[in-house]
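Quick notes on the structure that follows.
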Amino acid sequence: MKPLAYSRAASLPDALRDTRTEGHRPLGGGPLQLVDVTGLSADIGATADGGLMIGGATTNSAVAGHPLVRARYPVLARAILSGASAQIRNMATVDGNLMQRTRCLYFQDVKTTGCNQRHPGSGCDAHGRFRRHHAIVVGSTACIATHPSDICVALAALDAVVHVSGPAGTRIIAFGEFHRLPGDTPTLEKALQPGELIVAVALPPPTTEVVSAYRKVRDRASYAFALVSVAVIFTMRDRHITDLRIVFGGIIPKPWRALRAEAARRGGPASDQAIHAAGIAEFGQVYRPAGRSATPADYHTPTHLDVPEIEVMWTAIADPRSALGACGIGEIGVTGVGAAIANAVFNAVGTRVRELPIPAPRQTDFQPAAIARRRHFIQLGI
Amino acid sequence: MTICVNDANAPVPGNARVCKRILSCLTLAAQVDGRTVTTIEGLGRADARHPLQAAFIAHDGLQCGCCTPGQICPAVAMLKQVADGVPSVFAGDLALARDEVRETMSGNLCRCGAYNGIVAAILEVASETAA
């Protein structure tokens with residue numbers, strides 16, 4: 001284990017000074033001397049222009065549960081609650097979400113030699129290999145990682161701005177410019193300069209008569225990263241869309257603002273045909289890197305939400321072939337495998353397998369008449 | 001898995017609630033300096049079980065038992081958080097329905113698949129607490 005030290009920043013000036021020191025990293029943003037910045041501004045308050053200012057150290061749970069967020073920016077609450085688990089949302093902060101790094105398997109594997117994010121110039125091992133959760137739009141030969149955040153998708157749709165503070169003072173970054181596309185420099189993921197910290201995220205006043213939604217598609221019902229997610233905010237008048245914003249998550253290294261789909265839909269009728277046309281306008285040219293997209297490694301342990309209610313039924317008919325007369329007690333998915341192999345040996349050899357592990361058949365085990373009988377039964381489907 | 005309960009006399013960093021569940025594997029011990037930390041060992045004893053521990057036994061909420069402390073601790077905190085009005089993605093009226101429990105407990109995986117028994121145990125304790 002690497003030795004590390006820890007300190008808690010009491011104020012923003014302290015945090016800026018401490019995190020700028022060589023070898024120091026902010027905790028809450030990412031890990032060594034860790035400077036805990038999770039105790040800094042965690043206030044949520046209305047701004048003079050009718051918007052909302054959210055302190056960078058506010059936890060996801062606190063944002064999603066705040067009355068002003070729930071009432072005025074429901075798409076943000078919904079996006080947050082669609083992400084991670086309840087205990088992680090209790091720990092995760094707004095600035096940490098903005099700063100979080102990709103879940104690319106090749107980036108996560110520290111022994112990976114080919115990752116331009118970990119070792120610039122070493123190449124990208126994800127190309128042509130297992131590429132689930134990788135970019136499908138705006139591919140870069142240097143990196144096909146995706147940004148995993150849910151909250152950032154909603155913040156991009158809401159036209160949020162990021163307030164940062166650093167050695168050169170404070171400045172504001174438009175949300176769409178905070179995360180960068182990889183291009184040839186995938187290590188430069190964010191627009192933050194060295195020594196800068198996120199202080200707050202500001203939301204503009206909510207539009208009236210607006211409809212918004214957040215949808216997320218994932219491998220299981222809960223507690224999984226998005227295969228794709230989308231935040232949609234639109235205004236309708238006389239069955240026509242007067243304004244809309246569409247932002248996708250999980251398909252490129254930043255929230256993907258679907259400007260072509262927005263342009264195709266703005267001012268048009270809200271019909272199925274028009275929605276289909278907008279999809280083609282946006283994704284007519286989808287990036288398809290070579291590689292596999294589904295392997296046994298995709299197996300996910302189901303969560304509470306994946307497992308339906310199970311009704312247990314008992315049969316009163318005894319099974320004469322088992323000592324206790326019981327039918328089908330046990331872990332069926334596991335016991336079936338051994339029995340199937342033993343039956344296959346029986347079918348091929350003609351002698352019942354009565355011991356485990358299954359022994360290699362001896363010459364005397366081969367029973368041609370029994371094999372013929374088995375073939376007959378197999379043809380009958382018995 | 002831990003439940004973290006703030007000491008009333010300690011400064012409350014961030015916007016921590018009085019009682020909230022967090023992941024122990026993501027928490028440095030130094031980060032909870034000045035706070036009270038409750039783990040499964042602090043909930044009950046073999047001769048004086050926490051109601052949820054008793055309910056897990058009554059409803060067969062476990063098979064191998066590996067995940068059980070990690071299911072019970074956050075379930076205790078979840079019941080408290082629901083009382084505090086912390087929403088989940090399902091919560092319209094914050095009623096503690098079966099789906100609500102399933103969603104908000106989905107951060108705790110059970111490889112044996114004892115989910116039905118776990119949910120039954122939590123719902124029983126929730127109804128007893130409400131009554």
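Throughout, read-outs are computed from the coordinates displayed, never taken from laboratory work. Values in this document were obtained by computation on a predicted structure and should not be read as measured data. Every residue, glycine as well, gets a Cβ built from its backbone with ideal geometry; the counts of neighbours run over all protein chains shown.
Side notes on the structure shown:
- Restricting the trypsin sites (Lys or Arg not before Pro) of the stretch A:86-155 to loop positions (DSSP other than H, G, I, E, B) with no more than 12 neighbouring Cβ atoms within 10 Å leaves A:K111.
- Straight-line cross-link partners of A:K254 among the lysines, defined as a Cα under 22 Å from its Cα and at least 8 positions apart when in the same chain: A:K190, A:K216.
- Rough spin-label spacing in nm, given labels placed 7 Å along Cα→Cβ, for B:D33 and A:A168: 3.5 nm
- Mean residue ellipticity at 222 nm, helices only, chain A: -7500 deg cm²/dmol; runs of at least 4 DSSP H residues each add -39,500 (n - 2.57), and the sum is divided by the number of residues.
- Taking Cβ atoms as reference points and 13 Å as the exclusive limit, the residues near A:I233 contribute a net charge of +3, counting Lys and Arg as +1 and Asp and Glu as -1.
- Peptide-level mean, for B:67-76, of C-beta atoms on other protein chains within 10 Å: 1
- Length gained on full extension, A:S122 to A:D109: 3.3 nm, using 0.36 nm per residue less the C-alpha separation.
- Whole-percent P(r), chain A, all Cα pairs, 10 Å bins from 0: 4, 17, 24, 20, 11, 10, 9, 4, 1, 0.
- A straight Cα-to-Cα reach below 19 Å connects B:K20 with the lysines B:K80, residues fewer than 8 places away in its own chain not being considered.
- Likely footprinting exposure, A:D109, B:D47, fewest C-beta neighbours within 10 Å first: B:D47, A:D109
- Shape of the stretch A:185-262, Cα gyration tensor, a/c cut at 1.5: oblate
- Most tightly packed first, judged by the mean number of other beta-carbon atoms within 10 Å of their residues, the peptides A:168-181, A:304-317, A:51-64, B:62-75 read A:51-64, B:62-75, A:168-181, A:304-317.
- Inter-chain Cβ neighbour count for B:30-40, averaged per residue, equals 2 (cutoff 10 Å, partner chain atoms only).
- Each Lys or Arg adds one and each Asp or Glu takes one away; over the other residues whose Cβ falls under 15 Å from the Cβ of A:E282, this sums to +4.
- Overall form of the stretch A:57-207 per C-alpha gyration tensor (a/c, 1.5; a/b vs b/c): prolate
- Partners for A:K111 among aspartates and glutamates (Cα-Cα distance below 20 Å; same-chain residues under 8 apart left out): A:D125
- Point-to-point label distance, A:M236-A:A71, nm (Cα→Cβ direction, 7 Å offset): 2.5 nm
- Modelled FRET efficiency - R0 56 Å, A:A274 with A:E355, Cβ distances, 0.05 increments: 0.25
- Alpha-carbon centroids, the stretch A:107-163 and the stretch A:236-262: separation in whole Å: 21 Å
- The residues packed around A:F178, meaning those with a beta-carbon under 9 Å from its beta-carbon, carry a net charge of +2 if Lys and Arg are +1 and Asp and Glu are -1.
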